[in-house]
There are 2 protein chains.
Amino acid sequence: MNEKRIYNFSAGPSQLPEAVLKKAQKQMLNYEGSGMSVMEMSHRSAIYDAILKETQDRLRRLMRIPENYKILFLQGGATMQFSAIPLNLLQKGKADYIISGYFAKKAYQEAKKYGEIHIAASSEGNDFSYIPKQEELLLSDDADYVYLCTNNTIYGTEYNYVPNTNGIAIVADMSSDILSREIDVTDYGLIFAGAQKNMGCAGLTVVIVREDLLGHVRKEAPVLLDYALQVEKDSMYNTPPTYAIYILDLVLEWLENLGGIAEIQKRNEAKAKLLYDCLDQSDFYSTSVCKKDRSNMNVTFRSPNAELDALFVKESSELGMCNLKGHRAVGGMRASIYNAMPREGVEELVAFMKDFEKRYKG
Amino acid sequence: MNEKRIYNFSAGPSQLPEAVLKKAQKQMLNYEGSGMSVMEMSHRSAIYDAILKETQDRLRRLMRIPENYKILFLQGGATMQFSAIPLNLLQKGKADYIISGYFAKKAYQEAKKYGEIHIAASSEGNDFSYIPKQEELLLSDDADYVYLCTNNTIYGTEYNYVPNTNGIAIVADMSSDILSREIDVTDYGLIFAGAQKNMGCAGLTVVIVREDLLGHVRKEAPVLLDYALQVEKDSMYNTPPTYAIYILDLVLEWLENLGGIAEIQKRNEAKAKLLYDCLDQSDFYSTSVCKKDRSNMNVTFRSPNAELDALFVKESSELGMCNLKGHRAVGGMRASIYNAMPREGVEELVAFMKDFEKRYKG
């Protein structure tokens, strides 16, 4: 029986800010004197509508989202967007996909059902250890959009540039790095993210879409996937995931209170540096990720062999640093250090890494 | 500022059992000594897998679901199933729909995108005030399925029989009466329900499907809507709505503890009888619902005029009986008295109704 909270390095769903959980706990039976839990509120009620609007407003402020971009609260995770994106955005029927990891490839495979989809670049031949560079991109002149995934959770790579696409809209899966660093929303046509890493809990997907891209939904698209309809209905065509939206609201409130995205970016960079410095100074640990494409969200590394990797995961877990096992496609270890992971968690991990190295170095 | 919890007569999302909210509150920061909130758990972890399996097992026990029926935990509400059902179940391309209310009609309209859909019967001409009878049904010989909605939330009608369809699978939307009364699952080919009425919170849709109906998904279907794939992956093709599933687990535990579906059915019938007796004994209140098709979940009624209706809603709300306003399509009042509404809530409402009648009767 563990009375203490652990450091949860899971890739997602993952650790949430304790302040968010405490507020949700406090309000569980009675939200602000309404006599109801947020879970019990009609999505059409004035009190719930205020929560939804507050969440949209906070997100718009934090990310500086211009008015011509609409914010949608949807369901089905990033995977549902893999279908919704081609179903909504294909007009001429062509799109370019940059394959930088497992989920970008999944998105590409799904899009092929609906149009002529071209691989603009892929790092699969190098085990997805880097982000394709601008010079590598083979972009079509007549694509409806260019698709990419800004952070590759499994491999630990992250875009450090915005591709030049000659004005063609970029569609970006930001599931694992949204809200972690400042971006210019106007660099993108559509941004989407599953909430269960940096935004809240599973069951909510946020879509931010430039309104001029809408209005071309395919007739075979399920009605709920029609972005233009969801914009018209303000994400309320049917009952939205009301509680998950409320948790997002609390996460955004926490983020505003600590200083917004500029501040969390500073903290995230500092946290990641602790880990990467430790890796760089070690000849015990290694990482296959190209240095300039290292992710500040997911840090992948390995010890000299698989037995030591397993022991690392076991020992760290016993010390309350959990879910450090790497994805099965990569092996080794992975520390997911999203916004909610406190610096202390990373410091503890680095101290453990150094101790483990000392004990097991040949 | 209201320190007391209200009686919430909302049609959904709606009141949850207080025991469920209290347990969720207690476990919010640390689920059973894991050091984590359920929201923070990886859906691939052993601890979360145990919650998912427990939820499936409880539902199977409570509803006596045979092994050849699979239980899926999906997203997108009933509306997403309006698309998924034809995309998965149409083989010959034909289906019969019984239109007993707004949502059945919505399902019909969506299915028309994907096949030749026939209206087997409709009560729309009579303002959906009754459930079409067996004798009225014009069923096709070669339909892939017959679609119906067992309880019509907006109008307050509920099926009191299972149509004879000559062996053709019945697909039933039970969003607003699942778990409220005993049914024989084998009467149906597929049962589905949004969780936000009798099962938990919004953002989770439960599908119970006979396995022999699967394996014919259309190639244009979004990958996440493929039932057979979701069966194969045990609802984990991607991250499921983990917290909403946990809330369902707590609701099912509460239901088991109080004696299961037979017991809640008794209580629901008694609660509904209190209200219907009050209506039948009154010449102040009226209801347009056909007596034999009255719903035990949603009781619709009206006072002599719209001004008194508005006053009724205002006064009852001030007394802590909230969300009694009828749907805009019907007007008047609607008391949704799902499983979680305690008998005391209905007794208070009946007492108020009698008092209101006394005060405003001409």
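Scanning the range B:287-301 for residues that are surrounded by 13 or more Cβ atoms within 10 Å (Cβ to Cβ) and either of a type in the set (Gly, Ala, Ser) or over 18 Å from the mean Cα position of the chain (by Cα) (or both) returns B:287, B:288, B:289, B:290, B:295, B:301. None of B:204, B:248, B:229 is modelled with pLDDT of 95 or more, hydrophobic (A, V, I, L, M, F, W, C) and over 15 Å from the mean Cα position of the chain (by Cα) except B:229. Search the range B:1-18 for residues being part of a loop (DSSP other than H, G, I, E, B) and touching a Cys at 6+ places or on another chain (Cβ under 9 Å), and hand back the single one that is farthest from the other protein chains (Cβ to nearest Cβ). Result: B:9. Taken over the range A:19-43, the residue count meeting the criterion of being touching a residue at least 24 places away in the same chain (Cβ under 8 Å), closer than 25 Å to residue B:7 by Cα and among the hydrophobic types (A, V, I, L, M, F, W, C) is 4.
Of all residues being open to solvent by less than 10 Å² (accessible area, probe 1.4 Å) and within 16 Å of the chain's Cα centre (by Cα) in the range B:83-113, which is farthest from the other protein chains (Cβ to nearest Cβ)? Just the residue, please. So, considering only residues that are open to solvent by less than 10 Å² (accessible area, probe 1.4 Å) and within 16 Å of the chain's Cα centre (by Cα), the one farthest from the other protein chains (Cβ to nearest Cβ) is B:100.
The residue pairs whose first member lies in the range B:44-66 and is touching a residue at least 60 places away in the same chain (Cβ under 8 Å) and on the phi > 0 side of the Ramachandran plot, whose second member is of a type in the set (S, T, N, Q) and loosely packed, with under 13 Cβ neighbours inside 10 Å, and whose beta carbons are closer than 9 Å, counting only pairs six or more residues apart or on different chains, do not exist in this structure.
Looking only at the range A:59-82, residues that are of a type in the set (Phe, Trp, Tyr) and within 14 Å of chain B (Cβ to nearest Cβ) come to 2 in all.
Within the range B:8-18, work out how many residues are open to solvent by 50 Å² or more (accessible area, probe 1.4 Å) and in contact (Cβ under 8 Å) with a residue 24 or more places away in the chain. Residues flagged as open to solvent by 50 Å² or more (accessible area, probe 1.4 Å) and in contact (Cβ under 8 Å) with a residue 24 or more places away in the chain within the range B:8-18 amount to 0. Filtered by the rule that a residue be within 7 Å of chain B (Cβ to nearest Cβ), surrounded by 22 or more Cβ atoms within 10 Å (Cβ to Cβ) and closer than 17 Å to residue A:253 by Cβ, the range A:19-43 gives A:21, A:24. Candidates B:351, B:335: the one that is modelled with pLDDT of 95 or more and over 22 Å from residue A:40 (Cα atoms) is B:351. For the range A:84-135, a residue qualifies if it is of a type in the set (Ser, Thr, Tyr) and over 20 Å from residue A:150 (Cβ atoms), and exactly one does: A:114. For the range A:88-110, the set of residues classified as in a helix (DSSP H, G or I), touching a Phe, Trp or Tyr at 6+ places or on another chain (Cβ under 6 Å) and among the hydrophobic types (A, V, I, L, M, F, W, C) consists of A:89, A:107, listed by residue number.
Condition check ((1) of a type outside the set (Lys, Arg); (2) in contact with a strand residue (DSSP E or B) (Cβ under 8 Å, 6 or more places away or on another chain); (3) modelled with pLDDT of 95 or more; (4) not assigned by TED's automatic domain parsing to the domain that holds residue A:300) across all residues:
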{"position": "A:107", "(1), (2), (3), (4)": "yes, yes, yes, yes"}
{"position": "A:112", "(1), (2), (3), (4)": "no, no, yes, yes"}
{"position": "A:125", "(1), (2), (3), (4)": "yes, no, yes, yes"}
{"position": "A:129", "(1), (2), (3), (4)": "yes, yes, yes, yes"}
{"position": "A:137", "(1), (2), (3), (4)": "yes, yes, yes, yes"}
{"position": "A:152", "(1), (2), (3), (4)": "yes, yes, yes, yes"}
{"position": "A:163", "(1), (2), (3), (4)": "yes, yes, yes, yes"}
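Go through the range B:320-362 and give me each residue that's of a type in the set (D, E, K, R) and surrounded by 16 or more Cβ atoms within 10 Å (Cβ to Cβ). Within the range B:320-362, B:325, B:334, B:348, B:357 meet the criteria.
The values are calculated or read from the model by the stated rules, or taken from the named source; none is laboratory data. For clarity, every value in this text was computed on a predicted model and none was experimentally measured. As a convention, Cβ positions derive from the backbone with ideal geometry for all residues, glycine included, and neighbour counts pool all protein chains shown. With ligands, DNA and RNA removed, areas are computed over all heavy atoms of the protein, side chains included. Shrake-Rupley method; radii C 1.70, N 1.55, O 1.52, S 1.80 Å.
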